[in-house]
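The values are calculated or read from the model by the stated rules, or taken from the named source; none is laboratory data. Because the structure is predicted, anything quoted here is derived from the model rather than measured. With ideal geometry, Cβ positions are generated from the backbone for all residues, glycine too; neighbour counts draw on all protein chains shown.
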Amino acid sequence: MKRLFICLMLLLPVGVLAQEAAVKKIMQMAREDNRTMQHLDILCNRIGGRPAGSNACEVAEQWTAKTFKEWGLEVTIEKAGELGVGFNRGGWWGRMTGEESMTLHFATPSYSSGTKGPQKGHVVIEPRTEEEFNRMRGVLRGAWVLVNGKSGGWGLPHGEKAKENRHRIIAANAEAAKYNREHAGQDGERKPIDENTPALFYDEMIEAGALGFIQAAEVPICALYDRNVVLDGAKSFDDLAKVPSILLNEEQYARIRTLAQQRRQVELEFDIRNHFRLGPVAYNNVVAKIEGKKYPNEYVIVGAHIDAFDVATGGVDCGSGMSAVMEAARMIMASGAKPDRTIIFVMFAAEEFGLLGSQAWLKAHPDMLPKITNMFNRDGGPMPYTSFSVPQSLLKEYEKVVEPIHELYPDYNFTLNAITPFKKPTRLGGNDASTFSVAGIPAVQMADWADPKGYNFSYNEIWHTERDTYQKSIPEYQEQAAVTMALMVLGTANMPKQWPRNEVFLAE
Ligand SMILES: [Zn+2]
């Protein structure tokens, strides 16, 4: 028996044995030393919310680069772009006092302005017509203004274009009101009046001395960013909003609006410490490489995004991606694997501001694009991986890759399928994988939406909301995802051939 074993050993190429040893080592780490949640703890609770352009985002870049280096990967920091000003969020609180009192539950978008210290004021409901505005001009001084419409998470638009747009609506509303008055009772035809666009007299109210604007928001409160600062490329502090955009719990908003309508005596006080940084502030992709031994110029890309919104701490979006992908990298390195193809981990910058880091990365590496076998991306929740589709001609090979996944995680019933070729997408979608597939690069993802153990996770609850914290992650799932990612990425790097693209995308 022993002799037979030695004979078999001689028949197997050394490379195959080394790969098997690496997989064994990963399985051992999966059982005894899975560090996924440690990485997440640092990202969320040491570094914190990290929108592109913030100090925290820079710390996250530095920490990620340093950590990859310590694990032995080859790291480069690649500039992906820059913002005209940067943003750092401090704390915030608010309360209502007077005839009724309560602690206010609210958030503000990133890159929106804060208060000038605690600012207390009475409440008014925004004027909707020229006539109303003139009647209220005096009372707007020192007031917090309740504005119409429900918050979508953005800061109220400001600047010249926004002003023109509002004036167009004010004029159209006046015309519609006039038409409706003149035709009242005749043919019954009425022109619609815009009741939803918030703060029609935005600039005029600020000039009259309003302290800031308050809009109703669903709970949990979603807070995005000030588009006029981030996307229109604010160059200096002069381009920032002059007053805060507050997104207030809609039940509180409704109560305060009722009190204001009844002309009751209540006051609101807010202290919002939204601060800015002198630009330009660069945002960077952190790129970590394990060089392939056999086909160094063929690549497997593994992505997640480094930036995260800061009303919470990016525990899921994209902490769940960053921490699992980093742990996969650590495990592959620590396993001593010598992959055939080069594996590149890219922690993308500024995903939340429009997939900016992944687009920059593709632009910077045109020579590599035809040689990418698949792009793996994790950015969808703290969920386990339960299936994967691969090119038909490699299905048999992948069955071997999946064996250790079955052995480690029998409850998850990981399944393997052949890809049914599909049309290459033409428009960017909701995450960095779509940047690759639009460019014709396979970016097929393992399924990550099943909740087999019943944790009742809701992506909507955390999506860019105040709830996206470390506690929303699911350690058991996150750890499974990291190990499954490590095994699948390594297996893909070691496939006998690069993925044939005609088995992924239909011919155009
Ligand atoms: Zn994301």
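One residue alone among PHE414, PHE388, PHE457, PHE436 is within 16 Å of the ligand (Cβ to nearest atom), crowded, with 20+ Cβ neighbours inside 10 Å and not hydroxyl-bearing (Ser, Thr, Tyr), and that residue is PHE436. Considering (1) buried (at least 19 other Cβ atoms within 10 Å of the Cβ); (2) under 27 Å from GLY319 (Cβ atoms); (3) more than 16 Å from the ligand (Cβ to nearest atom); (4) of a type in the set (A, V, I, L, M), the lone condition that ILE462 does not fulfil carries the number (3). Selection of first residues in segment 342-354 that are away from the ligand (no atom under 14 Å from the Cβ) and of second residues that are among the acidic types (Asp, Glu) and modelled with pLDDT of 95 or more, restricted to Cβ pairs under 7 Å at least 6 apart or on distinct chains, gives the following pairs, ordered by first then second residue: THR342/GLU291; THR342/GLU298. Answer yes if at least one residue in segment 66-76 is touching a residue at least 12 places away in the same chain (Cβ under 8 Å), assigned to a helix (DSSP H, G or I) and closer than 30 Å to LEU240 by Cβ, and no otherwise. Within segment 66-76, none of the residues are touching a residue at least 12 places away in the same chain (Cβ under 8 Å), assigned to a helix (DSSP H, G or I) and closer than 30 Å to LEU240 by Cβ.
Within segment 21-40, residues that are in contact (Cβ under 8 Å) with a residue 40 or more places away in the chain and farther than 16 Å from LEU487 by Cβ reach partners that are of a type outside the set (Lys, Arg) and outside any helix (DSSP H, G or I) with beta carbons closer than 8 Å, at six or more positions or on different chains, in the pairs MET37/SER473; LEU40/GLY315; LEU40/SER473. Scan segment 461-508 for residues that are within 30 Å of LEU224 (Cβ to Cβ), of a type in the set (D, E, K, R) and part of a helix (DSSP H, G or I) and jot them down. Answer for segment 461-508, where residues must be within 30 Å of LEU224 (Cβ to Cβ), of a type in the set (D, E, K, R) and part of a helix (DSSP H, G or I): GLU461, LYS472.
Could you check how many residues of segment 261-278 are part of a strand (DSSP E or B) and either farther than 19 Å from PHE213 by Cα or β-branched (Val, Ile, Thr) (or both)? Final tally of qualifying residues: 5.
Determine which member of the set VAL281, VAL300 is closer than 23 Å to GLN478 by Cβ, in a strand (DSSP E or B) and not acidic (Asp, Glu). I'd like the intermediate steps shown before the answer.
Numbers: VAL281 fails: closer than 23 Å to GLN478 by Cβ.
Every option except VAL300 fails the conditions.
Scanning for something of a type in the set (Phe, Trp, Tyr) and over 18 Å from SER320 (Cα atoms), does segment 54-74 turn up at least one residue?
For segment 54-74, residues of a type in the set (Phe, Trp, Tyr) and over 18 Å from SER320 (Cα atoms): present.
Per this entry, LYS371 is not counted among residues that are among the basic types (Lys, Arg), over 15 Å from TYR299 (Cβ atoms) and either assigned by TED's automatic domain parsing to the domain that holds ARG46 or within 16 Å of the ligand (Cβ to nearest atom) (or both).
Of everything in segment 305-319 that's farther than 12 Å from PRO382 by Cα and near the ligand (Cβ under 8 Å from one of its atoms), which residue is surrounded by the fewest Cβ atoms within 10 Å (Cβ to Cβ)? Within segment 305-319, the match that is surrounded by the fewest Cβ atoms within 10 Å (Cβ to Cβ) is HIS305.
Per-residue answers, yes or no, for (1) at pLDDT 95 or above; (2) in a strand (DSSP E or B); (3) farther than 27 Å from ALA288 by Cβ:
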site: ALA80; (1), (2), (3): yes, yes, no
site: LEU83; (1), (2), (3): yes, yes, no
site: MET96; (1), (2), (3): yes, yes, yes
site: GLU100; (1), (2), (3): yes, no, yes
site: SER112; (1), (2), (3): yes, no, yes
